[in-house]
Amino acid sequence: MKWMIRVDMEGLTGVVDMAQVVPGASEFAFGKQMLKHDLLAVIDGLLQREDDRVVLYDIHFYGRNVDFDWLDPRVSAICGKPNYTPANGSFLDASFDGVVLLGLHAKAETPGAVLNHNYEHDIRSIHVNGLCVGEIGLEALMAGEAGVPLVLVTADDEGCRETEALLPGTLTACVKESRGIAAALCYSPAVTGPLLTKAAAACADAARRLQPFTVAGPIELALRFKPGALLDKLRGTMAAHMVGADRFVIRGDSVIAAWEQYLIAKA
Ligand SMILES: [Zn+2]
């Protein structure tokens, strides 16, 4: 089977602070170590047969967080910051059997959820046709538009709860329990490794029963921002989409197309 793992870092084993996940920050080496740990465990569960394939897409910061010395030959990776256009379909197409979100976290302003946010920390909320989503929901919708189901999310307990409420049936693997925005009760890697492998090994069955997640009709993407430099910039580059002091509404034929308009406007 063919899988895509979208790689984030805030929801990895042991990670509780931005200093562990921002490239160049003081404890980033620890974050990378935990990324390797969780990725290896999930890849181990996904690659059951010789012809199984995994494509990693590193969506965290500059997309250069995955070390390559240990990658299985059946794994390739999209790294760096690619040109994002509707034509690339978020690098997904119907040849994939399922998407795994690795190291995810709850959406912004989820009370008590460790490292909760929506992509840039300036985005207070994201609504797609009225449905409030964070990164988990938006990534699931983009995969859904490509005809691919979201099969597994690895995250803290709040990220897992958010997944289960929005996407019943999607598998979750919880590596820590939130104890606030910068704290969690973290399970030992000796526990999360086998847990992640077991969850990944269940993906083949899940992919057969799960449907791609989509919303009907033309897309209305509403984004609300905190005050700051990004909002100031978007007031210029997305003036036509502005509704009120801190809100933008983008319309498009698809979630991918609407999100792309935002990515271009903020670049
Ligand atoms: Zn994230």
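The values are calculated or read from the model by the stated rules, or taken from the named source; none is laboratory data. Note that this is a predicted model, so its numbers are computed, not measured. Reconstructed Cβ throughout: ideal geometry from the backbone, glycine too, with neighbour counts over all protein chains shown.
Taking the criterion of being out of contact with any His (no Cβ under 7 Å at 6 or more places or on another chain), over 18 Å from A257 (Cβ atoms) and among the hydrophobic types (A, V, I, L, M, F, W, C), the residues of segment 115-141 that qualify are I123, C132, I136.
The rows are residues; the columns are (1) more than 18 Å from the chain's Cα centre (by Cα); (2) polar (S, T, N, Q).
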| position | (1), (2) |
| --- | --- |
| W3 | no, no |
| V16 | no, no |
| A29 | yes, no |
| Q33 | yes, yes |
| D52 | yes, no |
| H60 | no, no |
| W70 | yes, no |
| I78 | no, no |
| K81 | no, no |
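Just give me the residues in segment 123-137 being away from the ligand (no atom under 11 Å from the Cβ) and assigned to a loop (DSSP other than H, G, I, E, B), in sequence order. Correct list: N129, G130. Name, by its number, the condition in (1) within 16 Å of the ligand (Cβ to nearest atom); (2) more than 22 Å from L167 (Cβ to Cβ); (3) at pLDDT 95 or above that does not hold for D51. In the conditions (1) within 16 Å of the ligand (Cβ to nearest atom); (2) more than 22 Å from L167 (Cβ to Cβ); (3) at pLDDT 95 or above, D51 misses (1) alone.
When the residues of segment 244-267 are filtered to those that are without any contact (Cβ under 8 Å) to a residue 12 or more places away in the chain and aliphatic (A, V, I, L, M), the one that is nearest to C132 (Cα to Cα) is A245.
Figure legend. Inter-residue proximity from segment 70-85: first residues on the phi > 0 side of the Ramachandran plot, second residues crowded, with 16+ Cβ neighbours inside 10 Å, beta-carbon distance below 9 Å, spacing 6+ or different chains. Indicated pairs: G80/D58; G80/G63.
In segment 147-160, the residue that is nearest to T85 (Cα to Cα) out of those that are buried (at least 22 other Cβ atoms within 10 Å of the Cβ) and away from the ligand (no atom under 15 Å from the Cβ) is V148. Cβ-Cβ under 6 Å, sequence separation 6+ or interchain: first residue in segment 105-120 and touching a residue at least 60 places away in the same chain (Cβ under 8 Å) and within 12 Å of the ligand (Cβ to nearest atom), partner of a type in the set (S, T, Y) and part of a loop (DSSP other than H, G, I, E, B). Which pairs? Short answer, once both residue conditions are applied: N116/T110. When segment 232-246 is filtered for residues that are of a type in the set (D, E, K, R) and surrounded by fewer than 16 Cβ atoms within 10 Å (Cβ to Cβ), the ones remaining, listed by number, are D232, K233, R235. Annotation: A140 fulfils all but one of (1) modelled with pLDDT of 95 or more; (2) within 13 Å of the ligand (Cβ to nearest atom); (3) under 10 Å from the mean Cα position of the chain (by Cα); the unmet one is (2).
One line per residue, one yes/no per condition, for (1) among the aliphatic types (A, V, I, L, M); (2) surrounded by fewer than 17 Cβ atoms within 10 Å (Cβ to Cβ):
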| position | (1), (2) |
| --- | --- |
| A190 | yes, yes |
| P194 | no, yes |
| C203 | no, no |
| R251 | no, yes |
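Being closer than 22 Å to V55 by Cβ and modelled with pLDDT of 95 or more is a description that applies to P149.
Take segment 20-71 and flag every residue that is over 20 Å from A155 (Cα atoms) and crowded, with 16+ Cβ neighbours inside 10 Å. The answer is L47, D52, R53, L71. Mind checking whether some residue in segment 115-122 is of a type in the set (A, V, I, L, M, F, W, C), crowded, with 23+ Cβ neighbours inside 10 Å, touching an Asp or Glu at 6+ places or on another chain (Cβ under 6 Å) and not in a strand (DSSP E or B)? Within segment 115-122, one or more residues are of a type in the set (A, V, I, L, M, F, W, C), crowded, with 23+ Cβ neighbours inside 10 Å, touching an Asp or Glu at 6+ places or on another chain (Cβ under 6 Å) and not in a strand (DSSP E or B). Scanning segment 15-48 for residues that are within 15 Å of the ligand (Cβ to nearest atom) and either among the small types (G, A, S) or in a helix (DSSP H, G or I) (or both) returns M18, Q20, G31, M34, L35, D38.
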